[in-house]
Every structure is written in C-alpha cells, then in structure tokens.
Amino acid sequence: MMSQIPQPTALSRCPSCEEPLDAADRFCGACGYDLSTVSAPPQDHPTIAMNGTPAGPPPAGPPADPSVDWPVARQAGGTETPAPVHRAADIRGTDSGGSELPHPEHPEHPQADPAAPRPAASGRPAGKPSGVRFDRPPEPDEYPLAPPAGGPDREVPADPRTGDLPAPPAEAKLCVACRAGQVDPDGYCENCGHAQPRERDHMEQELGAVAAVSDRGLRHHRNEDAFAVSSTALPDGSPAVVAIVCDGVSSATRPDEASLAAANAANEALLAALPLGTHPQAAMHEAIVAASDAVNALAGPDTAQGEHAPHVNAPACTIVGALVTPTLLVVGWVGDSRVYWVPVDRSSMPARLTEDDSWAAQMVAAGLMNEAEAYADERAHAITGWLGADAYELEPHTVSFKPDRPGVVVVCTDGLWNYAETAEEMAEAVPLDAAERPLHAARVLVGHALDGGGHDNVTVTVLPFPAPSQGAGSA
C-alpha cells in the first residue's frame, strides 16, 4: 500500500478578490494583493479518531496569542474599505414555526428591559421558550373516571382495573394460569392473555376399571401419542375393559393424526365385536387390522404402498392394546410400545408381555447380540413394524394370558419404558395401590418419565386384573 505524503497548503484564490491563483504567485494578478501577508492556517489537531488512528494530543507550548492582528478581508471590487463586521447577536433568526425572532436591540426584547427576568441557568430567559415549548398546561397525575350518564342515582360501574371479573359461564373453559379468565377460540385467556396448552399436550381419562394419562413430555413440540379406553360387556354379561395406546412415528408425516385415527378405530372395532361373542383374541387381531386401515386412509391417493415406493413418507404409528375380562388378559401390538404385568403381591415376579418390533429385538432374537448390547446401539429403537401405507406387511401380534392372581396391566409407549425398561424396574415404579387407584398410578408413571428427562411423548394406561364387575357398560 502506498503511503500518503502530506503536501504544504497553498492558496487557490485571492483572499481579497477571489481571483484564482497559481501555486507560485506571491501577489494577486488582478488586485495586487500581497499574498505573503496571509498567515498559514493553524494546525489541525483532531480529537476524534478516524480510520482507526487515535487522535494525537494537543500541541505543547503556550496557547495562541489572542492579540494577533489577523488581516481583514476587503470587499470584492478592490477598494480598501473593510467588509462590514456582523456579530452573532445582530443576526435575526426564526423559531421552529418559521416566525421571526425578536431583535436583541429591539425594545420589545426581554433583554432590553432592565426589569425583565434574567437568563436562567440553562442560558435562556426564565419562563421563555428556546426551541422547545414549555407553555403546555399542567396535566393531572390521574384521570378520574367520568360518572355514568343518567344522573347520580345510577349505579357506578366498578373500575375495570381493580374490579372483580364476572364469573364465567359454567360451560366456559377457564385459563390454566389465572383460573379466572375465559379462553377465547384462539386459545388465549381473555383476562391475562396466557396461551393455553393444546388439548393433546396433557390428557387424562378415568373409567371405573381403567385410567390413562398422556403427556407431551419435555422435549417434543407436540404430543404425537394417542389412547382410547373403554369398557363393554361380553354376551354372558361379564365385563371387558379395553385400553389402546398408539405412538406416532415422528419421521412420518402427520404422526399425531395417525395415532389418533388408529386408537379410535381399534377401540370402536373391539366395542363392536366383543358383545357379539367374538373371541377376545380374534377381536384384538381384527381391531389392529381396522386401525391399520384407518391409518392407510390418511395417505394421499397418489401414495403407492409397500416395496414399490419405500421412499414414500406416509402417516404412520405403532399400536398396542390390552383387553381384560374376569378371567382372561389379551394383548395385541405392532411396533415397540409395550405391556407389563405387575402383580399386586410384589413378592411375585412381574413380566413384560410384548416383544418389540425393533432392530434391537431382531438382533437379540437372532442371537447376534445380548439385550444389553442391542439396546445400547444407536439403531436399537429403529422399528421394523408399524401401521401405515408404506409398511411392507402387516403382522399383528396377539397373545392371551390367564393370570392366577390379581395385578395391574401397564400399557405404555417407549416414552415411559425408556426410563423403566425391565419388568423389575417397571414394577418398582408402579405404586403399591395401583389396583385401587389406577389414575393415580398412571400419573405417577408419567411423572417418573418426566423426572427422568421426558425426552419423548409419554402415554400410560393402567388396568386392574381381574376386571371388576362394575366396569361393565360402554364409555
């Protein structure tokens, strides 16, 4: 980069007649002005850094002599008469509105009157404006509410800033934050403005013989799980209690819709088949097929199925269900959601009643890895079975049990069993009174998953076995 060398300053025009000059001129060619008498301009000592160069200190030495007689510029035309001198106080300006300001020497100017107020500390006459208007009338500290029209006998309404809110209608939804305001159709409180949680962020349902809780968890932006619980009666009048849990596949499109459609379809199929005398295990199989059809229907008409278009990302979910009668426990599933058996007598052994449709389970079943190694692998939770238009083949798993002692059946997604994987760990997390308080038990289990990190949606249903007789009746 070339360095810049400073050059001496030269006059370009005559200070007397404004005639252009050459750098070598000593006298003006037009008026004869002696250019050697013009003093060099004072040195510039900036105080603001430019281009990253810090400003230098002021020059050392005594200050400039104020008695120096600087040459007086003459009027154009070459006469020796000096140009008139104007003081700043002689120039009349205008205010911000364009009106001419009074002349300092004018009798109307406040400074012309010895009795006029002297300038205030700010440098302007006290009580007078100087570029800013200070003549606005004083404003009250408070604005009292105007009395209602119609005379003094009318009742004065309460101050909306301090008055109590009117009681919302009985059917209105209350805000979860302030518990006072109504929730508008957009999901916000009309009182405090708090955004309400979405309906599926946290769901609870309890029947006499089954309870379910589903929560969005701490990491996901929405709840893609769904459940359905119900009860009905078999042809002999004995009760049958149903719990269906579905987990949307997050990598698929609209997984929340898939799980909800599957849960509702399976539940409706069981409620229709069981009172007709269909064997519970066969009814469970047909319910899973119905759930698969419901999820397939969510795919667009241009979505190909199976191995012909494995890249198609259709809506998908897993499903697991349990059906409890006074003597029989039926379980059905596709995917990696699970069912656990926890006896009321904790001296008896708990058990896991399902096998995952997952990469890890396949490795263990093939003898290529033990369970600890398989589930420690990053591919462990890759599912090999699901419901959806892009599933290769539907293979519902169903199994029947006849427990010889009372207990509780825990149906859950991997959002829970990730934090209580073995049957012993699940039994330890289940409260001792789960058979008498299934809703409390389901809440405790969801809390166990949230306390563990809540990395996924969490859905849990708890069914006491055997099914109590008061559980009959569809819900």
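The values are calculated or read from the model by the stated rules, or taken from the named source; none is laboratory data. Keep in mind it's a predicted model, so treat the numbers as computed, not measured. Here the Cβ is made from the backbone with ideal geometry for all residues, glycine too, and neighbour counts use every protein chain on show. Heavy atoms of the whole protein, side chains included, go into the accessibility calculation; ligands, DNA and RNA do not. Shrake-Rupley method; radii C 1.70, N 1.55, O 1.52, S 1.80 Å.
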Please identify the pairs in which a residue from region 208-225 that is aliphatic (A, V, I, L, M) has its Cβ atom under 8 Å from the Cβ atom of a residue that is in a loop (DSSP other than H, G, I, E, B), counting only partners at least 6 apart or on another chain.
ALA209/ALA467; ALA209/PRO468; LEU218/GLY453; LEU218/GLY454; LEU218/HIS455
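Of all residues in region 226-235 being touching a residue at least 60 places away in the same chain (Cβ under 8 Å) and part of a strand (DSSP E or B), which is surrounded by the most Cβ atoms within 10 Å (Cβ to Cβ)?
ALA226
Within region 236-248, can one find any residue that is more than 24 Å from the chain's Cα centre (by Cα) and exposed (fewer than 15 other Cβ atoms within 10 Å of the Cβ)? Break it down stepwise before answering.
Keep residues of region 236-248 that are more than 24 Å from the chain's Cα centre (by Cα), which gives 236-246.
Retained after the next criterion (residues that are exposed (fewer than 15 other Cβ atoms within 10 Å of the Cβ)): 236-237.
Scanning region 236-248, I find at least one residue that is more than 24 Å from the chain's Cα centre (by Cα) and exposed (fewer than 15 other Cβ atoms within 10 Å of the Cβ), so the answer is yes.
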Do you know which residues across region 246-290 are of a type in the set (Val, Ile, Thr), more than 17 Å from ALA314 (Cα to Cα) and not in a helix (DSSP H, G or I)?
THR278
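Kindly indicate whether ALA376 is among the hydrophobic types (A, V, I, L, M, F, W, C) and closer than 30 Å to ARG437 by Cβ.
Working: among the hydrophobic types (A, V, I, L, M, F, W, C): yes; closer than 30 Å to ARG437 by Cβ: no.
No.
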Spot the failing condition for ARG346; the list is (1) within 21 Å of VAL229 (Cα to Cα); (2) surrounded by fewer than 19 Cβ atoms within 10 Å (Cβ to Cβ); (3) among the charged types (D, E, K, R), and only one is missed.
(1)
If we keep only residues of region 406-430 that are touching a Phe, Trp or Tyr at 6+ places or on another chain (Cβ under 9 Å) and surrounded by fewer than 16 Cβ atoms within 10 Å (Cβ to Cβ), then the residue farthest from ALA449 (Cα to Cα) is PRO406
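I need a count of the residues in region 376-395 that are open to solvent by 30 Å² or more (accessible area, probe 1.4 Å) and either in a loop (DSSP other than H, G, I, E, B) or closer than 20 Å to SER251 by Cβ (or both).
12
Is it the case that some residue within region 261-269 is open to solvent by 50 Å² or more (accessible area, probe 1.4 Å) and at pLDDT 95 or above?
Here is the first cut: in region 261-269, the ones open to solvent by 50 Å² or more (accessible area, probe 1.4 Å) are 264, 268.
Checking the rest, the ones that are also at pLDDT 95 or above come to 264, 268.
Yes, that holds for at least one residue.
Scan region 326-343 residue by residue and report those that are hydroxyl-bearing (Ser, Thr, Tyr) and surrounded by fewer than 23 Cβ atoms within 10 Å (Cβ to Cβ).
Residues of region 326-343 hydroxyl-bearing (Ser, Thr, Tyr): 327, 337, 340.
Hit for region 326-343 is THR327, nothing else.
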GLY217 - would you say it is modelled with pLDDT of 80 or more, small (Gly, Ala, Ser), within 22 Å of the chain's Cα centre (by Cα) and assigned to a loop (DSSP other than H, G, I, E, B)?
yes
It is to be established whether one or more residues within region 268-289 are under 18 Å from VAL458 (Cα atoms) and of a type in the set (A, V, I, L, M, F, W, C).
no
Step by step: first the residues of region 6-23, then only those that are assigned to a loop (DSSP other than H, G, I, E, B), modelled with pLDDT of 75 or more and not polar (S, T, N, Q), then the one that is surrounded by the fewest Cβ atoms within 10 Å (Cβ to Cβ). Which residue is that?
ASP22
Which of the residues that make up region 415-432 are at pLDDT 95 or above and among the acidic types (Asp, Glu)?
GLU424, GLU425, GLU428
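Please enumerate the residues belonging to region 365-375 that are more than 41 Å from the chain's Cα centre (by Cα) and part of a helix (DSSP H, G or I).
Of the residues in region 365-375, the ones more than 41 Å from the chain's Cα centre (by Cα) are 365-370.
The answer is ALA365, and nothing else.
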Residue satisfying condition, being farther than 21 Å from SER250 by Cβ and touching a helix residue (DSSP H, G or I) at 6+ places or on another chain (Cβ under 7 Å), within set MET349, MET369
MET369
Restrict the check to region 208-216 and report whether at least one residue is loosely packed, with under 14 Cβ neighbours inside 10 Å and within 30 Å of THR253 (Cα to Cα).
no
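What do you reckon, is ALA195 open to solvent by less than 10 Å² (accessible area, probe 1.4 Å) and out of contact with any His (no Cβ under 9 Å at 6 or more places or on another chain)? Spell out the reasoning first.
Details: open to solvent by less than 10 Å² (accessible area, probe 1.4 Å): no; out of contact with any His (no Cβ under 9 Å at 6 or more places or on another chain): yes.
Against the criterion (open to solvent by less than 10 Å² (accessible area, probe 1.4 Å) and out of contact with any His (no Cβ under 9 Å at 6 or more places or on another chain)), ALA195 does not qualify.
Test GLU204 against the criterion of being crowded, with 18+ Cβ neighbours inside 10 Å and either farther than 24 Å from ARG443 by Cβ or modelled with pLDDT of 90 or more (or both), and give yes or no. Give the steps one after another, and end with the answer.
Numbers: crowded, with 18+ Cβ neighbours inside 10 Å: no; either farther than 24 Å from ARG443 by Cβ or modelled with pLDDT of 90 or more (or both): yes.
It is false that GLU204 is crowded, with 18+ Cβ neighbours inside 10 Å and either farther than 24 Å from ARG443 by Cβ or modelled with pLDDT of 90 or more (or both).
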Failed criterion for ALA442 (all others in (1) open to solvent by 20 Å² or more (accessible area, probe 1.4 Å); (2) modelled with pLDDT of 95 or more hold)
(1)
